[in-house]
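I have placed the structure first, in the form of structure tokens, so that the comments after it can refer back to it.
The values are calculated or read from the model by the stated rules, or taken from the named source; none is laboratory data. Bear in mind the structure is a predicted one, so any value in this text is a computation, not a measurement. For neighbour counting, all protein chains shown are included, and Cβ atoms are generated from backbone atoms with ideal geometry for every residue, glycine included.
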Amino acid sequence: MAGDGDEGKGGALARLWARLRRPSGTVSVLTLLVVGIGAGVILWGGFNTVVEATNTEQFCISCHEMRENVYVEYQKTIHYTNRTGVRAVCADCHVPKDWTHKMIRKVQATRELYGKLVGSIDTREKFEAKRLELARSEWARMKASDSRECRNCHSFASMQTDAQKPRAQKAHELGQRDGQTCIVCHKGIAHQKPKGMTEADED
């Protein structure tokens with residue numbers, strides 16, 4: 001009886017294999033399947049390569065709006081040059097690591113293409129006029145995600161607060177106790193704070 005079951009399974013596999021090899025017009029279904037999988041792998045690999053290329057510092061500063069404004073400021077911060085030689089590039093702070101949130105962020109970033117086309121911040125004056133609006137948008141995004149990108153490198157769990165200066169130690173202990181997120185206190189950590197900020201912007 002057990003042998004009959006094995007023969008039935010073997011027969012089903014043989015029929016499936018025969019169906020896959022059967023010509024569909026001029027090409028077998030198996031050939032179509034293999035070609036389809038191969039094409040899918042190539043397309044997926046190409047898509048991911050392009051996405052990762054847009055996460056490089058070179059890509060981010062390829063437009064003068066970024067290169068001549070926020071990039072200049074960032075070069076003067078500890079995230080650019082520090083005693084350990086570890087550098088956080090644009091994408092480390094502004095692009096999520098996990099695939100789902102990364103793709104959502106990339107779709108949101110397509111609005112920046114429109115801004116580039118119409119020249120909404122193509123001069124220093126236009127950039128400064130819009131800086132507070134842009135900053136508020138990014139602060140809101142970071143606050144909503146509980147400063148997810150900051151936490152890729154920083155976490156309360158791995159902090160040695162006793163090795164920090166008294167002011168930082170107290171702030172981090174209070175922040176941890178009250179469930180605060182990094183961006184609440186660390187606006188301006190990599191770029192200058194915009195002019196015209198209100199008390200609400202500091203919360």
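Numbers for the structure displayed
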| quantity | calculated |
| --- | --- |
| Count of residues meeting criterion [of a type in the set (Asp, Glu) and over 24 Å from His94 (Cβ atoms)] in the stretch 142-178 | 3 |
| Condition check for Arg111: more than 26 Å from Tyr80 (Cβ to Cβ) and of a type in the set (Lys, Arg) | yes |
| Residues satisfying the stated conditions in the stretch 149-185, i.e. in a helix (DSSP H, G or I) and either at positive phi or surrounded by fewer than 10 Cβ atoms within 10 Å (Cβ to Cβ) (or both) | Ala157, Ser158, Asp162, Ala163, Pro166, Arg167, Arg177, Asp178 |
| Arg111, sole failed condition from (1) within 14 Å of the chain's Cα centre (by Cα); (2) free of Cβ contacts under 8 Å to residues at least 24 places away in the same chain | (1) |
| In the stretch 179-203, the residues that are under 27 Å from the mean Cα position of the chain (by Cα), among the charged types (D, E, K, R) and farther than 23 Å from Cys90 by Cα | Asp203 |
| Residue within the stretch 180-200 that is without any contact (Cβ under 8 Å) to a residue 24 or more places away in the chain, closer than 20 Å to Glu73 by Cβ and outside the structural domain of Asn55 (by TED's automatic domain parsing) present | yes |
| Test: residue in the stretch 154-163 that is free of Cβ contacts under 8 Å to residues at least 12 places away in the same chain, under 28 Å from the mean Cα position of the chain (by Cα) and outside the structural domain of Ala91 (by TED's automatic domain parsing) | no |
| Some residue of the stretch 135-146 being at pLDDT below 90 and either within 23 Å of Arg87 (Cα to Cα) or among the hydroxyl-bearing types (Ser, Thr, Tyr) (or both) | no |
| Inter-residue pairs, beta-carbon under 9 Å, first on the phi < 0 side of the Ramachandran plot and touching a residue at least 60 places away in the same chain (Cβ under 8 Å) and in the stretch 28-56, second surrounded by 10 or more Cβ atoms within 10 Å (Cβ to Cβ) and not in a helix (DSSP H, G or I), 6+ apart | none |
| Entirely in the stretch 32-135, the helices (runs of 4 or more DSSP H) that have 2 or more residues that are out of contact with any strand residue (DSSP E or B) (no Cβ under 8 Å at 6 or more places or on another chain) and more than 30 Å from Lys195 (Cα to Cα) | 99-118 |
| Test result for Thr81, among the β-branched types (Val, Ile, Thr), under 25 Å from Asn152 (Cα atoms), surrounded by 13 or more Cβ atoms within 10 Å (Cβ to Cβ) and assigned by TED's automatic domain parsing to the domain that holds Ala140 | no |
| Residue in the stretch 14-21 that is modelled with pLDDT of 80 or more and surrounded by 10 or more Cβ atoms within 10 Å (Cβ to Cβ) present | yes |
